[in-house]
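The values are calculated or read from the model by the stated rules, or taken from the named source; none is laboratory data. Note that the structure is a prediction, hence the values are computed from the model and not measured. Cβ placement follows ideal geometry from the backbone for every residue including glycine, while neighbour counts extend to all protein chains displayed. Accessible surface areas use protein heavy atoms only, side chains included; no ligands, DNA or RNA. Shrake-Rupley method; radii C 1.70, N 1.55, O 1.52, S 1.80 Å.
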Amino acid sequence: MENDNVQQKTSTLDELSKFVDYSFIKSLNCDPESKKNGVDHDPRQVLSGHYVTVNPTPIEDPDYVSHSNSLFNELGLSEKLAHDNGFMALFSGNASNVPKPMHTYGWATGYALSIFGTEYYQQCPFQTGNGYGDGRAISVLEAVINNQRWEMQLKGSGRTPYCRGGDGRAVLRSSVREFLAQEHMHALGVPTSRSLCLYASKTQSVNRPWYSMDSHSKDPDITVSDPVAISTRVAPSFIRVGQLELFGRRARKQEHPNALKELEMIFLHLIDREYANVVDQASPLDEKLLQLAGEFQERLASLVADWIRVGYCQGNFNSDNCAAGGFTLDYGPFGFCDEFNPGFQSWTGGGDHFAFFNQPIAAEKNFQMFCKAMEPLFTNQPEALNKLGEIKSNFPKVMQHKMETMWASKLGLAHYNDELFRELITLMHHTQVDYTIFFRELSFLPDNTESIKSSFYKDNLSEQVIQLWSNWLKNWRLIVSSKDNLNTLGVKSLDELSKKMNGVNPKYTLREWFLMPAYRQAANQNYKVLRDLQAVMSQPYAEQTNEISNKYYRLKPAEFFDIGGISQYSCSS
């Protein structure tokens, strides 16, 4: 039977082409000024339509870097397909010779930008909002595999009309970060876009600002030449809140006769792609939209609670980086928390509003913009508009519930205990605790401070602080070990509780100082460190070997603190 399964794996691009189904292109409007041949690589205003057709620009002399074993398996793809000439050509940007019914062109989409609930236009080169969108990301394929629709998008695949004067390229450094982060987040159980494959050019490079070795600068202090790369990210769709906003703004301002209809079309397409199983398709439009708003609210709040559970900070959580499907999208200036700080933010341009513990508020701002985009569809429907307002105002309550449930699970509690939690967070911050290591050690239910001391960055703690920790642990142990707590959680022993907590609190997270040697070696066409790291981070809850534990389960070395490109960075390239 195993051999039969292997033989059934998709092993050529011709076989993959049998699954294609371009719903976005078939269901939505193309920009009427879009060029049929896909040669549309100069910045221009796109005044209407849901997408532009554009050819990806291949990278020169592509080299296989890696692929996702788990995603290939989910999609029924043979491992050897990643090395197939046709597959490699398409996913390194050359769509000119794909088998029918695949298209030789791809599509890029426009979107609007709001930052923390404020609309912006100046990032658009025309100051109108009609030139902002996928500047270097081109979708090339939609496929329905095992009854699941997947869109495959090339990041770094050249200029589009939304490039705003950029070169349309992604460098290997940022591509490695995103490739590894997406699959790591999936392994952590956090909803996310996925990584299919990664190819880099052996000969083509571009100049980017970056940091000199051991630089303490906040901003890049040198220009470096980096290999270009194309990573393929995969998701049920890539519709963003910012995309909905663009059509909402056009409808609100009546920018063209079809604006309101195009807004309705993109919302209905979102439902088809992401919410078909939870939104009643037989309902009237207003009811569908209200169901959608409620479902997105639940997903978004759950997502952000998950981010904080695993120590992840999105860094740049603008509306255009917020997937309307409720999953993590756009791993630009992200970071995993080392030393715990509620204000943790590795992106120097992010400010406090996108800091670690402020992510719930940023999510609420994006949800408000989602609702604002929907409002023109409720014109002359005051009752529906009021219901939307009620859903929108309920976000803080939903978010608080998700957060409290998450904190209870990290602490092994059946019910959230606010006093216990607040005492803990104060102690963690004061003691300079490693976020991941602390909660992992807590999962083994310590009854004294010795094991959790391995998570402390601060040496020579006073007896008073040690006593505070001892008191907290004693109070916490009394609660978690009580029969009431164990019974409510459905566990029969403390060992079972420990296992349950170990499934919530990962042992390994993708810290920047792990990533740095991976992309540095990859720039020299040595991918071993990258692939080793990929293997470790695909099992973040497993203990793994002593060798792996010694290497990846440890405090951040002192020499990496305040180093540009590791502790902070101003761009993702």
Shape of segment 89-242, Cα gyration tensor, a/c cut at 1.5: rounded
The chain - percent relative contact order, Cα under 8 Å, separation 6 or more: 14
Trypsin sites (Lys or Arg not before Pro) lying in DSSP loop within segment 34-107, provided at most 16 other Cβ fall within 10 Å: LYS35, LYS36
Translational diffusion of segment 418-561, µm² s⁻¹ [Kirkwood Rh, Cα pairs; Stokes-Einstein; 20 °C; 1.002 mPa s]: 126
Computed Kirkwood radius, in angstrom, where 1/r is averaged over Cα pairs of segment 505-573: 13.1
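Strictly over 26 Å apart at the Cα level, which of LYS453/LYS507; LYS453/LYS483; LYS365/LYS500; LYS507/LYS556; LYS35/LYS202 would you flag in this model? Don't skip to the end; give the middle numbers.
Working: LYS453/LYS507 16 Å; LYS453/LYS483 28 Å; LYS365/LYS500 33 Å; LYS507/LYS556 14 Å; LYS35/LYS202 31 Å.
From LYS453/LYS507; LYS453/LYS483; LYS365/LYS500; LYS507/LYS556; LYS35/LYS202, over 26 Å: LYS453/LYS483; LYS365/LYS500; LYS35/LYS202.
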Highest to lowest packing among 426-433, 480-487, scored as the average C-beta count within 10 Å: 426-433, 480-487
Segment 501-573-segment 320-342 distance, computed between alpha-carbon centres (Å): 17
Approximate spin-label separation GLN123-GLU255, in nm, with each point projected 7 Å along Cα-to-Cβ: 1.5
Computed label-point distance, nm, for sites ASP219 and VAL39 using a 7 Å Cα→Cβ extension: 3.9
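When a/c reaches 1.5 or more, the comparison of a/b and b/c decides; with that in mind, is segment 371-410 rounded, prolate or oblate per its Cα gyration tensor? Write down the numbers at each step before the final one.
Numbers: a/c = 6.10, a/b = 3.57, b/c = 1.71.
Since a/c reaches 1.5 and a/b is larger than b/c, the shape of segment 371-410 is classed as prolate.
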Degrees separating the helix 172-187 axis from the principal Cα axis of the chain, which is the longest one: 60
Kirkwood Rh, Cα atoms: Rg over Rh of segment 441-481: 0.97
Two-site FRET efficiency, LEU494 against LYS80, from Cβ-Cβ distance with R₀ of 51 Å, rounded to 0.05: 0.60
Residues with amide H under 5 Å from that of PHE456, placed H, sequence gap 5 or more: ASP434
Percent accessible area from carbon and sulfur atoms, the chain, protein chains only, probe 1.4 Å: 48
Contour minus Cα-Cα distance for ALA542 and LYS458 (0.36 nm per residue): 27.5 nm
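Which of the three applies to segment 191-266, rounded, prolate or oblate, going by the alpha-carbon gyration tensor with a ≥ b ≥ c and a/c under 1.5 meaning rounded?
prolate
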The chain - accessible surface per residue (Å², probe 1.4 Å): 40
Per residue, the convex hull volume that the Cα atoms of segment 35-162 enclose (Å³): 149
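DSSP loop (so not H, G, I, E, B), at most 15 other Cβ within 10 Å: list which GluC sites (Glu not before Pro) in segment 58-97 pass both filters.
Taking segment 58-97 and a limit of 15 other Cβ atoms within 10 Å, the loop GluC sites (Glu not before Pro) found are GLU60.
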Of (i) 98, 58, 47; (ii) 100, 71, 61; (iii) 72, 61, 58, the label for Cα extents along the principal axes in Å derived from the coordinates: (iii)
Structure-based [θ]222 nm, the chain - -39500 (n - 2.57) summed over DSSP H runs of at least 4, per residue, nearest 500: -12000 deg cm²/dmol
DSSP-defined beta bridges in the chain - what % are antiparallel, rounded to 5: 90
